[in-house]
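Following: one structure in structure tokens, then a few remarks.
The values are calculated or read from the model by the stated rules, or taken from the named source; none is laboratory data. Keep in mind that what you see is a predicted model, and the values were worked out from it rather than measured. All Cβ positions, glycine included, derive from the backbone under ideal geometry; neighbour counts span all protein chains shown. These area figures cover heavy atoms from the full protein model, side chains too; ligands, DNA and RNA do not enter into them. Shrake-Rupley method; radii C 1.70, N 1.55, O 1.52, S 1.80 Å.
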Amino acid sequence: MKKTTPLLMLAAMAFTPAAFSAAPAGTLSVHILDQQTGTPPPGVTVTLEKQQQDKWTSIASGKTDHDGRIKSLYPQDQDMQPGVYKVTFKTAEYFHGKKLDSFFPEIPVLFTVTRTNEKLHIPLLLSQYGYSTYKGS
């Protein structure tokens, strides 16, 4: 009987409804592309916060990889619930490292999640004095 207990637990987990599972990898991803150079900036800090009434609650933080991406910014041990979120790209350090001025020391992007664990991608096209973003896929 003791040998079958782990197997029963695994079998039960396999049939657990998706509503009780945590956020899948890649629920929220981000990507930065430097428009001036056409290259992705590695090592840029990106933070994620959720709006709770009149304040922002920190959820996660990460740094872009060699391809300018964070493939999974939302913590995988939690469900991403509907609400208003903010991703902030900390761009000042990147430009200072290139010995360039920048008008935007950080770029906050606010967005609305409408479904639990909705898969979202937020790309940022960046230059010293401008930027654009959109809902990616």
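Computed values, structure above
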{"quantity": "Accessible area (Å², 1.4 Å probe, nearest 10) - HIS66", "calculated": "150 Å²"}
{"quantity": "Sequence of TYR129, TYR94, TYR85 when ordered by accessible area, the most exposed leading, probe 1.4 angstrom", "calculated": "TYR129, TYR94, TYR85"}
{"quantity": "Estimated distance in nm for a label pair at ASP77 and ASP54, the labels positioned 7 Å out from Cα along Cα-to-Cβ", "calculated": "3.3 nm"}
{"quantity": "Listed residues GLU106, GLU49, GLU93, GLU118 arranged by accessible area, highest first, probe 1.4 Å", "calculated": "GLU93, GLU106, GLU49, GLU118"}
{"quantity": "Probe 1.4 Å, protein heavy atoms only - accessible area per residue of region 30-105 in square angstrom", "calculated": "56 Å²"}
{"quantity": "Accessible-area composition of region 30-90, carbon plus sulfur, in percent [1.4 Å probe]", "calculated": "46 percent"}
{"quantity": "Residue-wise HN-Hα coupling along region 78-91, computed from phi with Karplus coefficients 6.51, -1.76, 1.60 (Hz; x: Gly, Pro)", "calculated": "10, 7, 7, 7, x, x, 9, 10, 9, 9, 10, 8, 8, 8"}
{"quantity": "Computed FRET value (nearest 0.05) for ALA92 with ALA25, which takes r as the C-beta separation and R₀ as 35 Å", "calculated": "0.75"}
{"quantity": "Exposure of LEU100 as accessible area (Å², to 10), given a probe of 1.4 Å and all protein chains", "calculated": "60 Å²"}
{"quantity": "Whichever lysines have a C-alpha closer than 18 Å to that of LYS119, once near sequence neighbours (fewer than 8 apart) are set aside", "calculated": "LYS50, LYS71, LYS86, LYS135"}
{"quantity": "Proximal aspartates and glutamates to LYS63, defined as alpha-carbon separation beneath 18 angstrom and excluding residues fewer than eight positions away on the same chain", "calculated": "ASP34, GLU49, GLU93, GLU106"}
